[in-house]
Amino acid sequence: ERPDVILNIVDGSNLERNLYLTTQLCELGIPVVIAVNMMDIVAKNGDRIDFNLLSKEIGCEAVAISAIKGTGVFEAAQLAVAASRKSSGFSCRHKFSDETEKYIHTIEERIKGLTEDSKLRFCAIKLFERDEKISQILKNAPNISDIITLAESEFDDDTESIITNERYLYISSMIKRCLHKRNQGGLTASDKIDRVVTNRILALPIFAVVMFIVYYISVTTVGTWATDWANDGVFGDGWHLFGIGASSYENAVSEYELSQQKIDAFLEAAGKNGIDVSKINLALENGEIESQLLSDFAAQSESIKSTLEIEDDDGNIKQTLDVTSRDFLSAVNMEEPEASEYGIWVPGIPVIFENILDALRAPDVIKSLVLDGIVAGVGAVLGFVPQIFVLFLFLAFLEACGYMARIAFIMDRIFRKFGLSGKSFIPILVGTGCGIPGIMASRTIENDRDRKMTIMTTTFIPCGAKLPIIALIAGALFNNSWWVGPSAYFVGIAAIIISGVILKKTKIFAGDPAPFVMELPAYHIPTPGNIIRSMWERGSSFIRKAGTIIMGSTVVLWFLQGFGFENQSFTMVSDLNNSLLAYVGNAIAWIFTPLGWGDWRAAVATVTGLIAKENVVGTFGVLFGFGEVAENGEEIWSALSSAYSPLAAYSFLVFNLLCAPCFAAMGAIKREMNSAKWTGFALGYQTIFAYAVALVIYQIGMLFAENTFTFATAAAVIIAATVIYLWET
């Protein structure tokens, strides 16, 4: 389609580079209106743009706007509407040097009649630049190779470079007259900041500190508080509205816990004095104590006094209490407090669904499907939504303010040393939100060899779908330690670098990487609306997936883990180890035994993660919210911490971060590779590489298993040593 008008928004703080496109648009013969954006930054720098002269020089209306402040936007729209209604045609005003214009005019004469007069100059310039698409569009276009040969001989350059140079010469001469800089040749505020954040020595440490702060806030502090509320409240028993009654309930819980300590201390003392406490213990476990049994025991132990030592969080004794038989009886009669009896209590989603199903007298199988399948699985994933939204909020700010572009520039210096192009970092950066657009962003890499390598390594960086896995492992096994989140990113970057070194040693990928050029935008404070919009776009896709793919997966998982063969018949199983899922999991679990997590549940979670990476958490929600675990009252986090060691959990995390991505991302790899053979090679390489890294971390980490931070550090040293060795050889 041919538009009525073009509203061309340009960056006023980088006018020369932005007007290059403007000169091309003006050649289309379509009315153009230029909206010079970021005028707030131009004014802040003390610069001034003469818009009357700019409009006159370039031949179209130019207006000042500031999108961040909303000024001039309506005026720009009005000018665009007015330009579209003009009956007279729009013609390009800018001219190149006489020598170049001579050749363009000759081509225009030859193609006259093959296209509209308004498009004549555009087509002539494109043919001069050897543009193949225009040659195809202009049927019966004459051969102009003689003109091109003459021009290249005269200028001693190719015609595309000739036109590029002419555009910049024209723009430079125009800017000298239209743009008045206060500090001509001086450093801007962005330049001064870049001297620090892009410094050869300081750049990476600053990046590490920035990522630490982002993850500390989003995963360890603010995000954790919100996630705990979501897991324990919204997808748990419930929560106190606005915290009303929460402190009273916590005090009651503390008193009840103290009473249980008194009971344990007194029974221990009674046992040491030769009194049989087995019947009392059994009655306490069953929750039913006959009054006669209690009175007989009290009479026997009336003279016994026990000492209870209460410790603080550091294990130091802060209080000593004497416990008598009267204290014991009082403690036994104390009922466990119910949260709903304090303040304003809002029941959680599982409780609401359970009450609805009970009211409808739903069969046990339906209750199990809804509560143990859908609510447990989807709830386990959605419980991490607060953390993910906080993290996306920070990442959106870093991108919008201009810092992430600097990271691409910093990583180019590192990537090039290991055979990768800095262009590869752009898809990787996009991949932090979702691997699919990250893979698709590899189209910008012209070199086919570098493009294929980027496609194969982009998904190594943690995407939004992998964040719940990081948060789950960090919370359940590492007590929300600050280093787990950032380490996942640095493991991903290290994996990309190592892959670059390995793949560049092969004949298929050998060769120098493509050069990397990108604009470093001026630093600025982004608008809250843009940040929130970016956060919502990323986060909402996560929620949609939880309501579709993950819900479907949890239903299948519920069936597989709920049914199996028991007592020589196919039925709902009472023991999870007899389920169909256990049979499938046990068949493949041995593969992961060398990695430290040969448990069938972890194996199944890894496989379901191929459908959607969030499924790893959903699978654990179903498997660890079922059977004995649920009866013992354990939550997913405590169940995981008792099932796996920290070292095995970190190995599990690394494997799931680096192995083959979800099905949707696999489809994107297939589309971009355009070859089943290359797709298979990419997925195979990713999985084998992930297995090798997880194996090294677990086996070497066993030497340092006493300290979880030490084995992570050891893994980083091993990876770094491997990179250096491969690079040197």
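The values are calculated or read from the model by the stated rules, or taken from the named source; none is laboratory data. Remember, predicted model here, so these are calculated numbers, not experimental data. Every residue, glycine among them, receives a Cβ derived from its backbone with ideal geometry; neighbour counts consider all protein chains shown. What goes into the accessible areas is simple: the full protein's heavy atoms, side chains included, and nothing from ligands, DNA or RNA. Shrake-Rupley method; radii C 1.70, N 1.55, O 1.52, S 1.80 Å.
Using the structure shown, decide if L267 is over 28 Å from D237 (Cβ atoms), open to solvent by less than 70 Å² (accessible area, probe 1.4 Å) and touching a Leu at 6+ places or on another chain (Cβ under 9 Å). Against the criterion (over 28 Å from D237 (Cβ atoms), open to solvent by less than 70 Å² (accessible area, probe 1.4 Å) and touching a Leu at 6+ places or on another chain (Cβ under 9 Å)), L267 qualifies.
Only one of (1) over 30 Å from L150 (Cβ atoms); (2) in contact with a helix residue (DSSP H, G or I) (Cβ under 6 Å, 6 or more places away or on another chain); (3) surrounded by fewer than 21 Cβ atoms within 10 Å (Cβ to Cβ); (4) in contact (Cβ under 8 Å) with a residue 40 or more places away in the chain is not met by H94, so which one is it? For H94, the failing item is (1). One residue alone among E57, E75 is modelled with pLDDT under 90 and of a type outside the set (K, R), and that residue is E57. Residue pairs whose Cβ atoms lie under 6 Å apart, separated by 6 or more positions or on different chains, with the first residue in the range 469-496 and more than 17 Å from I217 (Cβ to Cβ) and the second aromatic (F, W, Y) and assigned to a helix (DSSP H, G or I), are A476/W637. Within the range 284-299, the set of residues being free of Cβ contacts under 8 Å to residues at least 12 places away in the same chain, closer than 19 Å to T324 by Cβ and not polar (S, T, N, Q) comprises D296, A299.
Scanning the range 270-307 for residues being farther than 16 Å from N333 by Cα and touching a Ser or Thr at 6+ places or on another chain (Cβ under 7 Å) gives a total of 7. Selection of the range 578-595 for residues being surrounded by 15 or more Cβ atoms within 10 Å (Cβ to Cβ) and either part of a helix (DSSP H, G or I) or modelled with pLDDT of 80 or more (or both) yields N578, L580, L581, A582, V584, G585, N586, A589, F592, L595. Considering the range 20-69, and only residues there that are free of Cβ contacts under 8 Å to residues at least 24 places away in the same chain and small (G, A, S), the residue that is nearest to L187 (Cα to Cα) turns out to be A43. Across the range 689-707, a minimum of one residue is classified as closer than 23 Å to P437 by Cβ, touching a helix residue (DSSP H, G or I) at 6+ places or on another chain (Cβ under 8 Å) and either modelled with pLDDT of 85 or more or not in a helix (DSSP H, G or I) (or both). Note on the range 365-385: residues that are open to solvent by 30 Å² or more (accessible area, probe 1.4 Å) and touching a residue at least 60 places away in the same chain (Cβ under 8 Å) amount to 5. Is at least one residue of the range 509-531 farther than 30 Å from L15 by Cα, at pLDDT 80 or above and open to solvent by 10 Å² or more (accessible area, probe 1.4 Å)? Checked against the condition, which is being farther than 30 Å from L15 by Cα, at pLDDT 80 or above and open to solvent by 10 Å² or more (accessible area, probe 1.4 Å), the range 509-531 yields no hits at all. Going by the structure shown, is S190 hydroxyl-bearing (S, T, Y), closer than 30 Å to N45 by Cβ and in contact (Cβ under 8 Å) with a residue 12 or more places away in the chain? For S190, the condition - hydroxyl-bearing (S, T, Y), closer than 30 Å to N45 by Cβ and in contact (Cβ under 8 Å) with a residue 12 or more places away in the chain - is met. How many residues does the range 607-635 hold that are open to solvent by 10 Å² or more (accessible area, probe 1.4 Å) and at pLDDT 70 or above? Of the residues in the range 607-635, 4 are open to solvent by 10 Å² or more (accessible area, probe 1.4 Å) and at pLDDT 70 or above.
A62 meets the conditions (1) aliphatic (A, V, I, L, M); (2) closer than 20 Å to S172 by Cα; (3) open to solvent by 30 Å² or more (accessible area, probe 1.4 Å) in every case but one. The failed one is (3). Scan the range 410-449 for residues that are polar (S, T, N, Q), touching a helix residue (DSSP H, G or I) at 6+ places or on another chain (Cβ under 6 Å) and within 21 Å of S541 (Cβ to Cβ) and the total you get is 1. Considering the range 232-244, the residues that are over 10 Å from I349 (Cβ atoms) and crowded, with 18+ Cβ neighbours inside 10 Å include one that is nearest to the chain's Cα centre (by Cα), namely W239. In this entry, V81 is excluded by the filter for residues that are of a type outside the set (D, E) and in contact with a Leu (Cβ under 7 Å, 6 or more places away or on another chain). Scanning the range 533-558 for residues that are surrounded by 15 or more Cβ atoms within 10 Å (Cβ to Cβ) and at pLDDT 80 or above yields S534, M535, W536.
Against the test of being within 48 Å of the chain's Cα centre (by Cα) and surrounded by fewer than 14 Cβ atoms within 10 Å (Cβ to Cβ), the options S173, S145, S135, S153 yield a single qualifying residue, S173. Among the candidates T571, T608, T593, which residue alone is among the β-branched types (V, I, T) and closer than 16 Å to A643 by Cα? Within the list T571, T608, T593, the selection yields T593. Cβ-Cβ distances below 8 Å connect the following pairs, each with a first residue in the range 245-262 that is within 18 Å of S325 (Cα to Cα), a second residue that is part of a helix (DSSP H, G or I) and of a type in the set (F, W, Y), and a separation of six or more residues or different chains: K262/F328.
Identify, please: which residue in the range 296-337 is over 22 Å from S278 (Cα atoms), open to solvent by 90 Å² or more (accessible area, probe 1.4 Å) and at pLDDT 80 or above and is, among those, farthest from the chain's Cα centre (by Cα)? The selected residue is D322.
Looking across the range 423-462 at every residue that is within 27 Å of L653 (Cα to Cα) and touching a Lys or Arg at 6+ places or on another chain (Cβ under 7 Å), the one that is surrounded by the most Cβ atoms within 10 Å (Cβ to Cβ) is identified as S442. The set of residues in the range 140-168 that are more than 22 Å from K112 (Cβ to Cβ), without any contact (Cβ under 8 Å) to a residue 12 or more places away in the chain and either assigned to a helix (DSSP H, G or I) or hydrophobic (A, V, I, L, M, F, W, C) (or both) comprises E152, S153, S161, T164, N165. For residues that are within 20 Å of T608 (Cβ to Cβ) and modelled with pLDDT of 75 or more, scanning just the range 563-577, find the one that is least open to solvent (accessible area, probe 1.4 Å). Of everything passing the filter in the range 563-577, G564 is least open to solvent (accessible area, probe 1.4 Å). Scanning the range 596-619 for residues that are assigned to a helix (DSSP H, G or I) and closer than 30 Å to S541 by Cβ yields a total of 13.
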